[in-house]
Amino acid sequence: MLMGALHDEGVELIFGYPGGAALHIYDAIFRQDKIDHILVRHEQGATHAADGYARATGKPGVVLVTSGPGATNAITGIATAFMDSIPMIVISGQVASHLIGTDAFQETDMIGISRPIVKHSYTVEDASEIPRIVKEAFHIATSGRPGPVVIDIPKDTTAPDNLYEYEYPKDVNIRSYNPPVEPDLEQIERAVEAIFEAEKPVIYAGGGAINSNASKELFELNEILNIPVTNTLMGLGVYPGTDPRFMGMLGMHGTYQANMAMHNADLIIAIGARFDDRITNTPKLFAPGAKIIHFDVDHSSVSKIIEANIAVFGQVKNSLKAIINSLNESKEDYDPKKIYSWRKQIAEWKTQHGLKHDLYLSEGDENQILPQQVVQHVYQITKGDAYVTSDVGQHQMFAAQYYHFDEPRKWINSGGLGTMGFGLPAAMGVKFAFPKDEVVCITGEGSIQMCIQELSTCLQYNLPIKIININNEALGMVKQWQDMNYSGRHSESTYQSSLPDFVKLTESYGHVGIKIEKNSDLKSGLEHAFSMKDKLVFVDVYVDPGEHVYPMLVAPNGSLKDMWLDKGKKA
Amino acid sequence: MQRKLSIILENKPGSLVRVVGLFHQRGYNIESLHVDPVTNLEKYRHIEDLLDIKLKENEVSHLSITTTVNDNLLRQILRQINKLIDVLLAVEEK
């Protein structure tokens with residue numbers, strides 16, 4: 001019943017881990033050949049892999065776990081997907097209906113535990129409901145603002161001796177769920193007017209624009225407007241990273257020019273972005289002179305933190321199409337010269353304090369390798385065309401700053417929840433979706449150890465991912481904050497000499513490991529790693545442990561123009 | 001300022017706790033709460049018209065919650081509640 005419904009929903013791949021309450025389902029998996037099941041080594045890995053698959057393809061990722069510990073191990077991955085609005089279906093086995101509430105073996109209240117971190121959840125009460133529930137779950141997970149949906153299935157409702165007539169519903173109709181699709185054209189006209197009036201406009205696009213597959217429309221819009229663009233961490237790639245109008249990422253570790261442009265703008269066009277605290281810094285001080293146009297599919301994201309002057313509800317893709325149509329009719333009223341001096345100002349900011357690119361490539365052996373260099377070499381070797389997953393910390397920010405994404409869905413990282421351990425399993429999910437494409441996991445020695453067991457899954461399914469471990473022998477971002485805000489007291493952010501030999505570790509899992517410690521070996525070592533097309537290669541690069549990520553917003557009580565640009569140097 | 005929220009939700013197991021849980025998740029306080037299945041459909045015809053649906057007896061519940069919040073927060077709470085899949089309508093009762 002369940003497998004039939006999943007197949008009818010178009011599912012090709014499930015990431016999971018078996019256990020008692022899920023055994024009937026696993027037997028059904030064994031007796032069919034339409035859906036592949038990927039056996040991970042930990043349920044958290046299953047959720048992140050399904051998440052990576054969903055981010056890269058736009059299709060929902062599917063996870064299957066057993067009750068109790070299987071379900072609780074999946075929680076971190078569900079929360080990760082929830083915070084970044086990623087469509088995911090998590091099917092959790094549950095103890096048999098008559099045992100629920102009796103503290104049975106491997107019983108846990110999965111619906112209760114997951115409630116705050118799912119878009120919706122279902123308990124199957126009768127096997128005959130499974131097709132409808134699966135249909136609704138996929139509809140909810142993928143429409144409106146996407147998110148994870150949990151289906152909790154008591155063991156007896158999957159018993160093979162209960163036979164039902166199976167029919168997969170063609171349509172889905174949930175009367176209490178009607179997310180907005182098409183924008184209100186009156187709001188579109190108001191937005192156009194505001195754009196025409198603006199002299200210092202900025203486009204600020206986030207993950208919602210990627211979820212809505214709106215990158216083509218966004219580019220088309222800006223071919224008309226020529227406005228400076230910034231992307232959030234989640235939005236990288238939705239607008240081409242190498243386009244001259246692109247200012248780079250904004251926010252906590254955003255570029256100087258992007259943050260200055262946002263702070264000084266007279267119009268902010270927010271597209272599928274939610275004014276999260278990594279972006280606004282102190283909300284009261286955020287962009288004091290700016291009018292806000294906010295395009296979003298989720299009512300509750302608009303005017304939550306920053307009041308919007310014009311709100312356009314609807315699928316962002318449709319809203320952008322509507323505004324393009326409107327602009328096509330009234331383009332002659334638009335004077336691009338009006339923003340020339342604004343663009344010149346932004347170019348000046350970039351010259352003053354923009355990210356330094358060439359500097360890092362010219363270092364000799366007298367200096368330690370800098371983490372930025374590693375990302376730049378990876379960018380050049382992969383020609384900017386790889387899928388890049390990351391974990392969380394300094395390496396994540398360096399990757400976001402120095403790898404320029406020209407396409408959406410190629411930068412895969414945990415932005416909202418900030419989940420260490422995400423990178424490797426997410427890379428597996430991407431590699432399953434796109435086996436011929438280069439998939440790189442840029443990670444750190446802290447994060448990679450949180451889901452390192454998945455190296456075994458990579459061997460089983462022969463996944464030639466490239467893992468670039470930016471090894472600074474410390475929890476770098478924690479250490480950076482301790483350096484800056486706690487007088488350099490490194491409380492529990494270093495491991496003394498307890499790090500594993502990552503080369504041997506990788507080899508014991510049947511893969512290739514490379515260690516790089518010198519600048520002169522960096523380029524050749526990385527090139528060698530990427531030349532091994534059919535091998536998973538773990539490149540352990542020892543970098544300068546003292547390096548910090550800059551710019552960095554001054555917090556608390558700072559605005560977007562208040563940045564640390566270097567050690568001891570404030571803007 | 002004390003506000004009274006009027007919420008119509010599906011009368012299904014788990015619906016109520018999603019609304020109540022939301023208050024705690026988002027840091028709002030519930031001062032009083034009352035819930036009943038809807039039997040007198042006459043009073044709810046406007047919801048049928050608004051959502052273009054037909055209600056049956058006991059199919060939905062009417063939940064009243066009082067809480068103390070300012071205007072901005074009230075708007076945010078109502079949007080969050082309306083986003084819940086099992087909620088048909090959440091409004092401020094005047």
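Within the stretch A:320-332, is there a residue that is over 30 Å from residue A:529 (Cβ atoms) and within 23 Å of the chain's Cα centre (by Cα)?
yes
All but one of (1) farther than 16 Å from residue A:137 by Cβ; (2) touching a residue at least 60 places away in the same chain (Cβ under 8 Å); (3) surrounded by fewer than 19 Cβ atoms within 10 Å (Cβ to Cβ) hold for residue A:4; state the number of the condition that does not hold.
Checking residue A:4 against (1) farther than 16 Å from residue A:137 by Cβ; (2) touching a residue at least 60 places away in the same chain (Cβ under 8 Å); (3) surrounded by fewer than 19 Cβ atoms within 10 Å (Cβ to Cβ), the one that fails is (1).
Quick one: is residue A:107 part of a loop (DSSP other than H, G, I, E, B), more than 12 Å from chain B (Cβ to nearest Cβ) and charged (D, E, K, R)?
Taking the combined requirement at face value, the residue satisfies it.
Look through A:186, A:199 and report the one residue that is farther than 20 Å from residue A:249 by Cβ, touching a Ser or Thr at 6+ places or on another chain (Cβ under 9 Å) and among the charged types (D, E, K, R).
From the options A:186, A:199, the qualifying one is A:199.
Across the stretch A:273-302, which residue is farthest from the other protein chains (Cβ to nearest Cβ) among those that are without any contact (Cβ under 8 Å) to a residue 24 or more places away in the chain and touching a Phe, Trp or Tyr at 6+ places or on another chain (Cβ under 9 Å)?
Top of the filtered list is A:283.
Name the helices (runs of 4 or more DSSP H) wholly within the stretch A:325-432 that hold at least 3 residues that are at pLDDT 95 or above and in contact with a Gly (Cβ under 8 Å, 6 or more places away or on another chain)?
It comes to A:394-402.
Hey, residue A:11 hits all of (1) more than 16 Å from residue A:133 (Cβ to Cβ); (2) part of a loop (DSSP other than H, G, I, E, B); (3) touching a residue at least 40 places away in the same chain (Cβ under 8 Å) but one; which does it fall short on?
(1)
With A:230, A:242 as the choices, which residue is farther than 23 Å from residue A:322 by Cβ and among the polar types (S, T, N, Q)?
When all the criteria are applied, what remains is A:242.
Tell me which strands (runs of 3 or more DSSP E) are completely within the stretch B:1-68 and hold 3 or more residues being of a type in the set (Val, Ile, Thr), out of contact with any Leu (no Cβ under 7 Å at 6 or more places or on another chain) and surrounded by 14 or more Cβ atoms within 10 Å (Cβ to Cβ), or say none if there are none.
Passing ranges: none, list empty.
Looking only at helices (runs of 4 or more DSSP H) that lie completely in the stretch A:201-286, which have at least 3 residues being within 14 Å of residue A:408 (Cα to Cα) and under 22 Å from the mean Cα position of the chain (by Cα)?
A:207-211, A:215-225
Would you check if residue B:75 is over 20 Å from residue A:121 (Cα atoms), in a helix (DSSP H, G or I), within 9 Å of another protein chain (Cβ to nearest Cβ) and over 12 Å from the mean Cα position of the chain (by Cα)?
yes
The values are calculated or read from the model by the stated rules, or taken from the named source; none is laboratory data. Since the model is a prediction, treat every value here as computed from it, not as a measurement. Virtual Cβ from ideal backbone geometry, glycine too; neighbours counted across all protein chains shown.
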